[in-house]
1. May I ask you to list the residues in region A:176-222 that are within 11 Å of chain B (Cβ to nearest Cβ), surrounded by fewer than 20 Cβ atoms within 10 Å (Cβ to Cβ) and within 14 Å of A:A162 (Cα to Cα)?
2. State yes or no: is B:Q34 within 13 Å of chain A (Cβ to nearest Cβ) and either over 30 Å from A:H344 (Cα atoms) or without any contact (Cβ under 8 Å) to a residue 40 or more places away in the chain (or both)?
3. Can you pull out the residues in region A:339-396 that are among the acidic types (D, E) and more than 14 Å from chain B (Cβ to nearest Cβ)?
4. Which of the residues that make up region A:162-175 are farther than 19 Å from A:L343 by Cβ, within 23 Å of the chain's Cα centre (by Cα) and either modelled with pLDDT under 95 or buried (at least 20 other Cβ atoms within 10 Å of the Cβ) (or both)?
5. Only residues that are part of a loop (DSSP other than H, G, I, E, B) and surrounded by 12 or more Cβ atoms within 10 Å (Cβ to Cβ): list them for region B:1-31, please.
6. Give me the residue from region A:237-250 that is assigned to a loop (DSSP other than H, G, I, E, B) and in contact with a strand residue (DSSP E or B) (Cβ under 9 Å, 6 or more places away or on another chain) and, out of that set, nearest to A:Y313 (Cα to Cα).
7. Any chance region A:125-135 includes a residue that's part of a helix (DSSP H, G or I) and either in contact with a helix residue (DSSP H, G or I) (Cβ under 6 Å, 6 or more places away or on another chain) or within 30 Å of A:S310 (Cα to Cα) (or both)?
8. Can you pull out every residue in region B:32-44 that is β-branched (V, I, T) and surrounded by 17 or more Cβ atoms within 10 Å (Cβ to Cβ)?
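The values are calculated or read from the model by the stated rules, or taken from the named source; none is laboratory data. All values derive from a computational prediction rather than experimental measurement. All Cβ positions, even for glycine, are placed from backbone atoms using ideal geometry, and neighbour counts span all protein chains on display.
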Amino acid sequence: MTAEGDRANTGRGIRQSMSDLHTWVGLLLGWVLYAMFLTGTVSYFKDELSQWARPELARLAERPDPAIVAQRVANAFDKIAPGTSQWSVRLPDDRNNSAYAFWRTAPGAPGQRGFADGHFDAATGERVNSRDTLGGEFFYRFHFQFHYMPVVWGRWLAGIAAMFMLVAIISGVITHKKIFVEFFTFRWGKGQRSWLDAHNALSVFGLPFHAMITYTGLVTLMAMYMPWGGQVAIKSPAERQHMQAELSAFTQPGKPTGQKTPLASVEEMVRQAQERWGRDNIGRVNVSHSGDVAARVVVTRGDPGRVSMSPQYMEFDGATGRLLSVRDQVGGAAETRGVLYALHLGRFSDMVTRWLYFLVSFTGTAMVGTGLVMWTVKRRQKLPDPQRPYFGFRLVERLNIASIAGLSVAMTAFMWGNRLLPTTLAGRSNWEVDLFFIVWAVTLLHAVLRPAKAAWVEQLWAAAALLALLPLLNAVTTQRPLWHSLARGDWIFAGIDLMCWVLAALHVALALRTARDRVKAPAKSKAARPAAMAVASGEAAE
Amino acid sequence: MIHLVAFVLSLSGFGALACAAHRQQRDLFGKALQPATRHMLRLVAFAALLCAFGVLVAQHGWALGLVMFSGHTSLAAGIVVCVLIGYARTKEQKLRHR
């Protein structure tokens, strides 16, 4: 054998190994990754979904002055939670029509949160009564910590899945030897070849995003995954406090003196922050020991236009209103983490960039989905009897149906639950979440009981029907039907209604395409041999 | 407005790159283009993409500009492929009807 031949064989061997690695790391946690990707994708519109989930809260036609709203909420806290050691309010903005605050409560029974939260009317500062729901927050939390399990376990599972994803991306790039030559190639109606082309296209076009989102996802929880460096370097409480200040504007409150004095004007403090960062660029106001001489007020900078989650804030003496310190920058390591964190969350985005995030993340979801489906497409052709596949094949096929089509049904059911569950129901927000999982479990049961193709088609139709009818349900159950939203220029409600129809159309197209699809008989004859060879070479290029 | 300019430039850039690719030349023009034409298309493509990048960075700074550029190019490439698929399918159906 020539040296060139050796090199060629070695190269093919590495590529084949990477292909096997890509296939198996993609499959083993592929269903988890699909769920993480899809719920993470919709989380780019988390705030909008949360607004939609609380139709009782009126739309803000104009953005209120953050300084005035902050003062109104501060006044409300004198009545709602006098003596709380700490409260924090996120002020209304273009994406949030209410102020959202949480505050510390007296320690209760072990296991209780020690926090309470609520929404506040921007116009009055009063706490508002809206339905008990997690809204978009559920999808956001689910995408990195899941549910029905301790938060730490969920985050570990998300981290392992993200690590698998990172390996799948790197091995996929090595395996796909014709990234540039076949950049625009899609061969329609060629079975496995078409699935491979679609998977490649979805992977390559968004490759910078897919790599970034996976890596930065790991960075967001890096202190949990790899705590040892921090444990060795940071030991004393003072060091820990210093590190916390590098990462967040929300720090543990100090000790009160017990000497009472009214809180100085929060409005004036926010005004000073507005002079520094702009009128509408205020994020939160954090207050500790309000009403005590030791009170502190921290006003943080907003997220827009700043690709960093590193804290930027102004700290005031709460008793006198005097500016104590300004934090404009953090150390290099903290800033690196802040930038990577911000890239993952995308909160700095204007509306166009947010849509770009959503669309490219959607292609990432489709990339994982096509990869999962391809595992069965590739193996179905080699089954001795396609009517009686082996257990592993059946398992993957059924899990694919429930995790791809079933998740669409379950997520839409969550939104139906938001509109249909009685507002007086105790533990309502938990019921919404339970409904999501009940429906998802039913889709799995349906996938197991029905023939595979029928299960795909029926679940895709079910998702399409639920999505298409959701705007009608919204029109019947709220005062904010689509025509009202359009007439008033309420693009959050109108956008969600219209997006439901776009997604319904997508599911209809998928259902029709799946219904038309015919499983090809295994290639046995001589005439079929070239096609089989093409498939084999396609596997190597995968 | 800047987004629109950057997107149109990205779309033009990937459109030109697609025209310069061998397989797509056969699909679109029925033959391979001259090497000089291919080089010209690639030059135009890179110039358009560079302009999109420049416009975004000039307007929004390096950090935001880079993020936006990545989003526009991903979307533009996806749209070019969808258009190519649509074109090939229409052509195929027309041929079948003849």
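1. A:A211, A:M212, listed by residue number.
2. Values: within 13 Å of chain A (Cβ to nearest Cβ): no; either over 30 Å from A:H344 (Cα atoms) or without any contact (Cβ under 8 Å) to a residue 40 or more places away in the chain (or both): yes.
Judged against the criteria, B:Q34 is not a match.
3. Step one: list which residues in region A:339-396 are among the acidic types (D, E), which gives A:350, A:385.
Selection gives A:D385 alone.
4. The first filter runs over region A:162-175 and keeps only residues farther than 19 Å from A:L343 by Cβ, leaving A:164, A:167-168, A:171-175.
Still in the list and also within 23 Å of the chain's Cα centre (by Cα): A:164, A:167-168.
The answer is A:F164, A:A168.
5. Let us first name the residues in region B:1-31 that are part of a loop (DSSP other than H, G, I, E, B), namely B:1, B:20-21, B:30-31.
Selection gives B:A20, B:A21.
6. Looking only at region A:237-250, we keep the residues that are assigned to a loop (DSSP other than H, G, I, E, B), and these are A:248-250.
Right, trim to in contact with a strand residue (DSSP E or B) (Cβ under 9 Å, 6 or more places away or on another chain) and you get A:249-250.
Numbers: A:A249: 7, A:F250: 10 Å.
Per the stated criteria, the residue is A:A249.
7. So the first thing to find is which residues in region A:125-135 are part of a helix (DSSP H, G or I), and the list is none.
Within region A:125-135, none of the residues are part of a helix (DSSP H, G or I) and either in contact with a helix residue (DSSP H, G or I) (Cβ under 6 Å, 6 or more places away or on another chain) or within 30 Å of A:S310 (Cα to Cα) (or both).
8. Applying the first criterion (β-branched (V, I, T)) to region B:32-44 yields B:37, B:44.
Answer for region B:32-44, where residues must be β-branched (V, I, T) and surrounded by 17 or more Cβ atoms within 10 Å (Cβ to Cβ): just B:V44.
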